[in-house]
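Take a look at the structure below.
The values are calculated or read from the model by the stated rules, or taken from the named source; none is laboratory data. Nothing here was measured: the structure is a model prediction, and the numbers come from that model. Cβ placement follows ideal geometry from the backbone for every residue including glycine, while neighbour counts extend to all protein chains displayed.
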Amino acid sequence: MGVSNVSSAQTANVQRPDSEGITTLRERELLAQIHDLQERVEALEARQNGTKGPLHLGSQTPAGALSTQPPSVDPLPSSAPPANLTTPSSTQVSVTQSSLTTRYATAQAPSSADAASTSPAQWGALEPGRGFKLAKTEYGELNLSGYALVRYLNQLPASHTYTSYSGISKTSNGRSDIQLQRALIWMNGWVYHPKFNYEVLLWTVNSINQVTVAGKLGYNFHPAFNLYGGIGGLPGVRSMTGAFPYFAGTDRVMAEEFFRPGFTTGIWAVGALSKKSRYMVMLGNNLSQIGLTANKLTRSPAVAASAWWMPTSGEFGSRGGFGDYERHKTLATRFGFSYTHSPETRGNQPDPESGPDNVQIRVSDASLLFGPSSLAPGVTLQTAHFNLYAMDAGLKYRGFAIQSEGYVRNLDHFEFLSGSLPYHSIRDNGFYTQASYTLPSRTIELYALTSQIFGQQVYSYEYGGGTNYRPFHTQNFRVNADVKRIVRSPVDSLFGYYIGGLKGMTVSISSDVFF
């Protein structure tokens with residue numbers, strides 16, 4: 001979800017006609033261009049006297065051309081040229097000596113068409129990953145971007161019973177349905193100053209009837225320090241640092257979904273530590289604020305930080321995503337470390353038998369940490385501290401990609417609403433590994449994965465794989481098929497692939513688009 005960042009120095013390089021006509025400096029520049037082109041036309045006509053058809057002259061991007069691509073942690077490649085090129089390109093109009101002379105003669109009193117050609121106001125262009133440009137003026141920019149996912153999900157068996165660690169019998173009911181699973185609309189850009197940017201986000205998850213309006217404000221002080229405030233993801237795992245939606249499938253794998261932090265309101269900084277390393281650090285209200293009102297938050301904030309190093313290439317693909325759609329010709333590598341700490345509470349629910357407001361944290365048998373009798377009969381937690389350590393490593397080369405991330409999670413500093421426990425902390429470990437290959441045509445990608453979760457209560461795992469078909473030769477549209485074998489899922493959610501306690505299969509066929 002990039003936002004535009006254009007320096008005032010760059011903006012000053014854009015020349016505009018004024019009511020007084022063209023300045024002397026510009027007249028000299030135009031005359032020099034005309035004389036140069038006249039000489040080139042005459043020389044080429046002399047050498048190609050018998051050639052028919054228009055003569056096309058190429059050009060280079062002028063120095064100081066305004067860039068519409070903002071600096072970011074892993075910038076998106078733009079398929080569109082800069083909008084403000086003022087010299088002719090090889091695919092534009094043919095140039096003749098008489099037309100150049102006529103154009104210069106009329107340039108002393110610029111027409112509305114000429115003014116429009118040099119005006120910064122442009123709209124309608126599509127930059128993949130940043131959306132459609134609705135407005136571009138000297139006062140700001142407005143981009144409209146979107147994402148939509150349609151998915152069929154079948155969880156097998158349809159129903160089965162399992163026993164939780166505390167001895168409670170539970171039933172896991174599998175789904176078989178078609179959903180417009182997720183839809184997001186972003187409006188972003190800059191306003192008043194090119195370094196001051198904004199974003200407004202409408203986010204819906206139809207399988208849980210959730211509609212969220214989010215956003216952020218930011219200021220780009222320096223490539224090493226960009227400050228934001230609003231709603232964002234705590235950067236406690238790799239996928240929370242901006243890789244969405246470039247996952248192997250259309251959702252996270254089981255280990256990542258189990259361990260990761262969530263989205264909250266806070267402030268965060270993003271920047272480049274060097275040419276080949278990046279960081280992101282965030283101070284937020286809690287581990288996940290979605291669904292919680294302000295009076296159910298603690299007075300102690302959550303903090304998360306992530307840093308990663310890309311030693312061989314200095315980049316890891318578009319948005320740092322999974323898979324090697326770019327088919328790197330030189331080896332791309334990445335090594336990262338993330339940390340999250342958050343004091344958590346079950347919320348303002350004084351009844352120990354009632355469900356908690358805080359539903360982000362689950363233990364390895366899929367029970368809610370703050371749920372009644374989740375850890376032992378008659379025991380309900382009121383507060384706990386969440387600590388997560390994550391390390392990731394990956395490589396990409398000529399379509400091959402391998403990615404792995406390991407986790408260590410400690411839950412401690414327990415305070416009880418009822419009962420007590422003979423232990424003072426819970427430690428869960430796990431990892432995922434996935435490998436993929438993108439064919440030379442870039443239309444087909446194959447992947448395989450595994451998750452292993454060594455919980456203090458339950459051991460869980462999955463094996464799976466799938467394929468992505470990209471018929472439009474873009475990373476931003478695909479048809480995905482995904483199959484997984486899951487044993488004792490610790491994740492229980494209508495958001496992704498998993499339900500609590502599942503021991504069986506999930507089959508998913510989906511399609512998503514990002515613009």
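Here is a list of conditions, (1) outside any strand (DSSP E or B); (2) surrounded by fewer than 20 Cβ atoms within 10 Å (Cβ to Cβ); (3) touching a Ser or Thr at 6+ places or on another chain (Cβ under 8 Å), and residue 497 meets all of them except one; can you say which number that is?
(2)
Of the conditions (1) under 25 Å from residue 480 (Cα atoms); (2) of a type outside the set (A, V, I, L, M, F, W, C); (3) not in a strand (DSSP E or B), residue 177 fails just one. Which one is it?
(3)
Given the options 213, 200, name the one that is modelled with pLDDT of 95 or more, in a strand (DSSP E or B) and either within 23 Å of residue 512 (Cα to Cα) or in contact with a Lys or Arg (Cβ under 8 Å, 6 or more places away or on another chain) (or both).
Matching residue, one of 213, 200: 200.
Here are the criteria: (1) over 16 Å from the mean Cα position of the chain (by Cα); (2) in a strand (DSSP E or B); (3) more than 27 Å from residue 428 (Cβ to Cβ). Tell me which single one residue 295 does not satisfy.
In the conditions (1) over 16 Å from the mean Cα position of the chain (by Cα); (2) in a strand (DSSP E or B); (3) more than 27 Å from residue 428 (Cβ to Cβ), residue 295 misses (2) alone.
Checking the structure you have, find out if any residue of the range 452-470 is basic (Lys, Arg) and under 27 Å from residue 506 (Cα atoms).
yes
Name the pairs whose Cβ atoms lie under 7 Å apart, with the first residue in the range 169-182 and without any contact (Cβ under 8 Å) to a residue 60 or more places away in the chain and farther than 15 Å from residue 156 by Cβ, the second surrounded by 12 or more Cβ atoms within 10 Å (Cβ to Cβ) and among the basic types (Lys, Arg), and 6 or more positions between them or separate chains?
Cβ pairs passing all conditions: 179/151.
The rows are residues; the columns are (1) among the β-branched types (Val, Ile, Thr); (2) modelled with pLDDT of 95 or more; (3) over 20 Å from residue 453 (Cβ atoms).
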position	(1), (2), (3)
360	no, no, no
364	no, yes, no
371	no, no, no
384	no, yes, no
388	no, yes, no
392	no, yes, no
401	no, yes, yes
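Residue by residue through the range 256-289, note down the ones that are assigned to a strand (DSSP E or B) and basic (Lys, Arg).
278, the sole residue that qualifies.
Hey, among the residues in the range 394-436 that are out of contact with any strand residue (DSSP E or B) (no Cβ under 8 Å at 6 or more places or on another chain) and not polar (S, T, N, Q), which one's farthest from residue 384 (Cα to Cα)?
398
Going residue by residue through the range 300-312, is there one that turns out to be within 26 Å of residue 481 (Cβ to Cβ) and touching a helix residue (DSSP H, G or I) at 6+ places or on another chain (Cβ under 9 Å)?
Within the range 300-312, not a single residue is within 26 Å of residue 481 (Cβ to Cβ) and touching a helix residue (DSSP H, G or I) at 6+ places or on another chain (Cβ under 9 Å).
Is there a residue in the range 463-482 that is touching a residue at least 40 places away in the same chain (Cβ under 8 Å), surrounded by fewer than 22 Cβ atoms within 10 Å (Cβ to Cβ) and closer than 23 Å to residue 166 by Cβ?
No: zero hits.
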